[in-house]
1. How would A:35, B:307, B:42 rank on accessible area, largest to smallest, probe 1.4 Å?
2. With every protein chain left in place, what is the accessible area of residue B:240 in Å² (1.4 Å probe, nearest 10)?
3. How much of the accessible area of chain A, probe 1.4 Å, is carbon plus sulfur, in whole percent?
4. Output the 0 to 90 degree angle, nearest 10, between the alpha-carbon long axis of helix B:175-187 and the longest principal axis computed from the alpha carbons of chain B.
5. Given springs between every Cα pair under 10 Å in a Gaussian network model of chain B, which of B:300, B:94, B:21 has the largest fluctuation?
6. Please get the size of the charge dipole for chain B, origin at its Cα centre, with Cβ charges of +1 on Lys and Arg and -1 on Asp and Glu, quoted in debye to the nearest 20.
7. Leaving out ligands, DNA and RNA, and with a 1.4 Å probe, what % of the accessible surface on chain B is carbon or sulfur?
8. If B:126, A:67 are ordered by their accessible area, calculated over protein heavy atoms with a 1.4 Å probe, which sequence runs from highest to lowest?
Amino acid sequence: MTSQRKLRILVAKPGLDGHDRGAKVVARALSDAGYEVVYTGLHQTPEMIAAAAVQESVDAVGLSIMSGAHMTLFPAVIEALRARGAGDVLVFGGGIVPDEDLAPLKTAGVAQVFKPGASTEEIIKWVETHVRPRAEAG
Amino acid sequence: MANDPAELAERIASGDVRAAARLMRDLDDIRPGAIAVMKHLYPRTGRGFVLGITGNPGAGKSTVVDALISLYRAAGKRVGVVAVDPTSPFSGGAILGDRIRMQRHATDEGVFIRSLATRGHLGGLSRSTGEVVAVLDAMGYDVVIVETVGVGQDEVDVVSQAECAVVVTVPGMGDEIQAIKAGILEIADVLVVNKSDREGADRAVRDLFAMLELRGHDAAPVEIVRTVATSGKGIDELAHAIDRFRERGIHASDVPNAGGITPRRRRRAQATLRELVVDRLRRATDGALAARPELVDEVAARTTDPYTAADELVRAITASK
Ligand code: B12
Ligand SMILES: Nc1nc2c(ncn2[C@@H]2O[C@H](COP(=O)(O)OP(=O)(O)OP(=O)(O)O)[C@@H](O)[C@H]2O)c(=O)[nH]1
Ligand SMILES: [Mg+2]
């Protein structure tokens, strides 16, 4: 049988800020690169994001955070995923994140953060090398 | 697959969302192990009510689904949703955005929303849609709502999947309604004029009514419901129209046979079966073609005619079974 394992990525905007341009640009770029992107839109709670990630069985969750609340939102999403047994879903993202926050975020389990000015080529290349299809059902 | 298929099916049927979602993924990706699990789940299907929602791009299908979820949840029903969006033929990727309109239900444990990309399948649904619906059905969701791609013309597949097909239109389409009527009025069990807060709703209802009249008096009755999905206005009327359709179906044309199987249910089973056979044959065809590249060359060079070559490939496929 011809099996086609295709990457599925959830792109979400947690928190209260309405800057969705970056999230949309990234969602579009990932789709243009051949991935299936579930876009859940603005104002998502970590719980909503984790629930959607499980129901959609995505390989990775990409968060866009422009509000300055990245130090609470990234870990909250990771925690919510773990609570639902989906700790194997890779979490990455982008937005306004000062350099000094990058290392603590990495320690908290965020795989990568792309700052304003990151090119979509750079993002796709990273996804290509770091995101792998999750294990099959079982 | 690490687990025993029967055990995995059992876990999914008793509500393991994560395992179910992964099975859906495996079905979509055509992983060999998934079929074994489906064989165990199939006997548990056939209990849920499968509702199809189709209509033009942007007509408000997802917003209607969102409002219907709220209504069915308030009535204590568990709701599954399968929302299909198109795969780009150029990149092979897709943006699955139907979920945006339904996210307020994301953490409701009585709701399971799954987005699918068409992956080249025509007819407004993905190849896997029927299977994903079956998984939700086996999990005991009372209502499973299927939202098709908004392609406007030939979302006819929804008919073979759904027990009731709702077609969503909007006011102010004028001639466009004329253009879509052939395909869409034929499949509509219930018609919705959504965005009725906009000008021209009366006229849209009149136009649709006039078109329904043209079908002659022995055509099945089709109700037209006005909605404003964003506010929920008219959604309870829509649900009632759907209920009335079901009752009519059960009492009129859709009389069960001795085994309790209605014609509509039988048609759905036939469509599922047909789909699976066609899919297997298509893949076998691709395999046979790949195995015999010289046949393609010969046809291109006109040294063999395509009819003879086709017969030979068919023989190769049937011999290998
Ligand atoms: C455009 C813009 C707006 C637009 C937003 C339009 C929209 N729908 O998105 C409008 C005018 C509405 C707006 C409003 C506000 N804004 Co404004 N806005 C900007 C601005 C100028 C550009 C943002 C942008 O769209 N960039 C283009 C996109 C493509 O880039 P990007 O979002 O950065 O995304 C890239 C990367 O960050 C990364 N990335 C982002 N998300 C993701 C996700 C994933 C998965 C990945 C892999 C990568 C990734 O990759 C992208 C591609 O390179 C920034 C300044 C700046 N230079 O960033 C301020 C800025 C973000 N805004 C800011 C503020 C304060 C506001 C307001 C509060 C202002 C006010 N007082 O009213 C309001 C709040 C509105 C709201 N509801 O939240 C601040 C935020 C400060 C902070 N975080 O500490 C900024 C930084 C300006 C500043 N220097 O003060 N804003
Ligand atoms: N004014 C008005 N807008 C509506 C109504 N219903 C939906 N919309 C808006 O119409 C837009 C499209 O709605 P969707 O529900 O995404 O439409 P859709 O048919 O699912 O779209 P596709 O899946 O992309 O084909 C959104 O901006 C909705 O908010 C309505 O009753 N009135
Ligand atoms: Mg939609």
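1. B:307, B:42, A:35
2. Answer for residue B:240: close to 100 Å² accessible.
3. Values: 3320 of 5770 Å².
Ligands and nucleic acids excluded, carbon and sulfur reach 57 percent.
4. Helix B:175-187 sits at roughly 70 degrees to that axis.
5. B:300
6. With only Lys, Arg, Asp and Glu charged at Cβ, the dipole is about 620 debye.
7. On chain B, the fraction of accessible area on carbon and sulfur atoms equals 54 percent.
8. A:67, B:126
The values are calculated or read from the model by the stated rules, or taken from the named source; none is laboratory data. Bear in mind the structure is a predicted one, so any value in this text is a computation, not a measurement. Note: ideal-geometry Cβ built from the backbone for every residue, glycine included; neighbour counts use all protein chains shown. Ligands, DNA and RNA are stripped out before the accessible areas are found, and what is left, the full protein with its side chains, is counted by its heavy atoms. Shrake-Rupley method; radii C 1.70, N 1.55, O 1.52, S 1.80 Å.
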